[in-house]
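Data first, discussion second: the structure below is written as C-alpha cells.
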Amino acid sequence: MRTVLILFLSFFLTHCATGKEFVLPAYKNQFYEGWGGPPMEEEKQPFDYIYTKVAGKATRKAIQSGSGGMMHNSCTASILETAGTKLSTRILSEYQKEHSSKEPEKLLQKINTLYERDYKEPKLKECRPTAKADKKILYSEFKTCECIVYIRIVGGKKEVSKSLENL
C-alpha cells in the first residue's frame, strides 16, 4: 500500500507540480493486420487469429456531455458494432492473396455467412484516439478512434479455405 501511495504521489508531483499538461502515454504506433498468433504474440505460430483496423466515433450524446470517459466508451462500442463487416473484408483480402476469385462479391457473402455462423465474437486488441484533444476534457481525443479487432479461427487460413469450399 505504501508503494502505491509513493508511486501516486510521484506521478502527481511530476505532472501537476511542474505545470505540465497530462498526456496519454505513448502509444505503440504499430498496428498489426492480417493472420497472426495470439494478441501480444502475433509472430508466434499457429496463426489462428485474424486482425484488422477499424475506425469509430463517439456518440453525439457522449460528446455533448463533455465526458471523456463516455467518449472513450461509445467510440470503442461503435467499433465493435462494425467489426464483423471489417473482419469479413479482411478475411476476403487475405484469402485473395493466395486464391484467385472471379466473383469476390459471392465470396464475401460466403465469408459473411461463416462469420455469422461460426466466429461472431470480435475482441478489441488495442485502441488509440484520433481526434484533437480538448485540453479541458481528459480523454476528449476519443471523439474519434481506431482499434485493432480480432477473432480466433482455429486452423487459421487453412480452415477458412476448407470452410469456404464446403459452403
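When Glu126, Glu81 are checked against the criterion of being surrounded by fewer than 14 Cβ atoms within 10 Å (Cβ to Cβ) and within 18 Å of the chain's Cα centre (by Cα), Glu81 stands alone in meeting it.
Being of a type in the set (Gly, Ala, Ser) and modelled with pLDDT of 90 or more holds for only one residue in Ser100, Ser93, and it is Ser93.
Of all residues in the stretch 133-167, those that are hydrophobic (A, V, I, L, M, F, W, C), assigned to a helix (DSSP H, G or I) and modelled with pLDDT under 90 total 1. Among the residues of the stretch 87-115, those identified as touching a residue at least 40 places away in the same chain (Cβ under 8 Å) and within 23 Å of the chain's Cα centre (by Cα) are Leu87, Arg90, Ile91, Glu94, Tyr95, Ile111, Thr113, Leu114. Just one residue in the set Met71, Met40 is among the aliphatic types (A, V, I, L, M) and surrounded by fewer than 14 Cβ atoms within 10 Å (Cβ to Cβ); that residue is Met40.
The values are calculated or read from the model by the stated rules, or taken from the named source; none is laboratory data. The structure displayed is predicted, hence computed values, not measured ones. Neighbour counts are summed over all protein chains in view; Cβ atoms, including those assigned to glycine, are modelled from backbone coordinates with ideal geometry.
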